[in-house]
Amino acid sequence: MKRIIIIAAAVLAGSAASAQERPVIPTKGSEDTKGIMSKAYWDIWNDGEQARIDKDIEAYRKADATFHTGDVKRGSSVKVRQVKSDFIFGASAFNWDQLGNHESNVKYKNLFGSLFNRATVPFYWQAFEPEYGRKRYDVAEDDTEQWWSTVKNPEDQRFWRRPATNQIVDWCIQKGIEAHGHPLVWGSRSNQHPAWLKKEGIPAAQQAALDSLETVRISGKKTRKPTAKGFGKMPQSEVYKLVPDYIKNFREKNDAHIEELMTYYKGKIGSWDIVNESSTDFGRGNEQTLYPLIKSSYGLMPADYTFHFFKTAEKFASKDLLMNINDYNVTDRYPSQIAHLLSRGTRIDVIGSQMHLFQPKQCLDIAAGKSPSPAKKRVDPETVRSFFDKVGAFGIPTCISEVTISSPGSDEKGEMIQAIITRNLYRIWFSQKSMMGITWWNVVDGCGLKGEPTVSGLFHRDMTPKTAFYALDNLINHEWKTNLELKPDGNGDIRFRGFKGTYEVSWTDKKGVKHTETITVR
């Protein structure tokens with residue numbers, strides 16, 4: 001094997017996507033002859049902006065390479081084919097074998113290894129260990145394709161979007177793609193914490209106190225918050241006196257959960273979201289250690305839990321494993337939290353940032369050239385660059401860890417709006433210097449959590465592709481892949497600039513013998 005060390009800079013490469021049976025997706029206002037997007041939208045994503053994105057992609061995502069073939073046959077060409085990208089194009093693999101029929105399940109699985117080179121594997125504790133001591137590593141009856149193909153109302157089943165994990169990890173190993181674990185720690189009561197966590201090893205009196213302190217009120221149909229009538233106005237010292245064993249138990253069992261998963265999957269899972277969505281608690285007592293608990297926005301949590309659980313995970317992390325922090329927060333609270341953690345010696349290998357356009361109306365607003373409501377979304381080049389310049393200044397790779405872009409309608413216009421927004425956001429993200437990956441969240445329509453949008457997939461429920469799929473496939477498998485046929489110089493050398501990743505170089509020597517070498521460009 002010959003390895004090539006890169007220098008760095010810019011130029012065009014990649015083969016054109018086949019246009020057969022593929023929708024033509026406008027890339028600029030002059031091509032949008034049907035007026036899918038407004039003039040105001042194209043004023044934002046104008047030709048000058050597109051040129052700047054192209055320039056940044058050229059600078060940050062490509063590298064120069066030289067390869068010596070030796071005695072290449074006179075007049076013959078050297079073929080250069082990229083077989084793997086260094087950049088992560090991922091997706092959640094939450095609906096494994098759950099799509100209702102074998103054909104759809106096969107199509108879904110085959111996306112991991114063709115369109116996507118990383119699978120996010122669900123490790124939500126509540127579903128992974130539904131009963132204390134019962135870990136859902138392996139497929140049971142209610143994980144099988146047959147079971148999910150006969151069950152009614154799959155989205156109402158307790159393991160919907162929570163398949164057994166070994167089958168997905170094994171697929172990743174077989175296909176040579178990366179597996180990413182999500183999440184190890186999260187404050188969410190409705191998605192993460194097992195019910196037994198409040199009971200196992202907790203005295204009855206403390207269980208009753210917990211039930212009183214963490215009762216929830218329901219505002220509308222979707223919002224669940226700890227009631228102020230519980231611990232909201234009570235001093236931390238008083239709260240702690242009521243539930244000391246719970247806090248101790250919580251920390252110890254979380255520590256053990258982290259140790260088990262990171263040990264079990266050592267060498268198989270290459271990255272983990274260590275703590276998910278904790279910036280909401282930063283600056284609100286999360287860092288105090290006077291008492292072992294805080295009144296978190298989620299409920300009662302161990303004090304300084306983000307720092308503590310990162311330190312726990314670090315004990316079991318190899319040098320090449322990636323320890324991620326992940327959050328939806330787009331305010332300065334998130335970078336401030338990261339700075340605080342780093343100042344205390346926390347190992348953070350990747351900074352993950354979510355971007356969810358859950359509501360179809362948000363995409364209609366974007367198409368009209370408006371800021372989506374709620375407004376705190378990074379959906380234009382200026383705000384994207386501003387945010388990633390800020391978090392990129394830490395010198396740590398960043399990623400778009402979760403992406404949701406809904407299609408406002410199932411007609412041609414609705415699907416095209418989703419596709420155009422997808423294309424432009426992926427391009428601006430791909431062009432950021434610190435960026436190392438982008439992960440699409442719900443791959444198939446109707447396969448989100450109950451209450452999430454039903455039209456945010458790249459595929460319809462029957463696994464027929466939407467226009468947004470073609471937008472991503474054109475980028476990932478065509479525009480952002482380098483495939484060349486080059487004439488070597490008199491010494492048998494070829495020089496090219498290509499997207500960073502793994503390549504196969506093929507040529508025929510003077511004796512007519514064919515050669516193929518694998519090289520790395522980065």
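The values are calculated or read from the model by the stated rules, or taken from the named source; none is laboratory data. Everything numeric here is computed off the predicted structure, so don't read it as measured data. FYI the Cβ positions are ideal-geometry reconstructions off the backbone, even for glycines, and counts take in every protein chain you see. SASA here: full protein model, heavy atoms, side chains in, ligands and nucleic acids out. Shrake-Rupley method; radii C 1.70, N 1.55, O 1.52, S 1.80 Å.
Observations
- Here the stretch 359-408 was treated as a single set of alpha-carbon atoms; its pair distances binned every 10 Å from 0 give 22, 47, 25, 6 percent.
- Nearest 10 degrees, 0 to 90: helix 47-60 Cα axis against the chain principal axis: 90 degrees
- Shape metrics for the chain, restricted to C-alpha atoms - Rg then Dmax, Å: 24.8, 86
- Judged by the gyration tensor of its Cα atoms, with axes a ≥ b ≥ c, the stretch 307-387 is prolate; a/c meets the 1.5 cut and a/b is the larger of a/b and b/c.
- Listed cross-link partners 135/268; 268/487; 84/266; 319/433; 55/514 are compared with a 29 Å cut-off, the Cα-Cα value being larger for 268/487; 55/514.
- Both radii were evaluated on the Cα set of the stretch 292-354; the Rg over Rh quotient, with Rh as the Kirkwood radius, amounts to 0.97.
- Within the stretch 261-405, the percentage of alpha carbon pairs spaced more than 22 angstrom apart rounds to 46%.
- Against the chain, whose longest principal axis comes from its Cα atoms, helix 244-264 is set at around 30 degrees.
- A 1.4 Å probe run over the protein chains yields, for the chain, 44 Å² of accessible area per residue, whole-number rounding.
- Over all other residues within a Cβ to Cβ distance under 13 Å of residue 245, the charged ones net out to +4, with Lys and Arg as +1 and Asp and Glu as -1.
- Segments 143-154, 166-177, 423-434, 304-315 sorted - mean Cβ within 10 Å per residue, highest first: 423-434, 304-315, 166-177, 143-154
- Fraction of accessible area attributable to carbon and sulfur, the chain (%, probe 1.4 Å): 51 percent
- Anchor residue 248: aspartates and glutamates whose Cα lies under 15 Å away (excluding residues fewer than 8 positions away in-chain): 200, 304
- Environment charge at residue 22 (Cβ cut-off 15 Å; Lys +1, Arg +1, Asp -1, Glu -1): -4
- The DSSP beta bridges internal to the chain are antiparallel in roughly 50% of cases.
- Seen from residue 312, the other residues with C-beta closer than 13 Å to its C-beta sum to a net charge of -1, counting Lys and Arg as +1 and Asp and Glu as -1.
- When the C-alpha to C-alpha distance is required to be over 25 Å, the pairs from 28/370; 175/500; 253/377 that qualify are 253/377.
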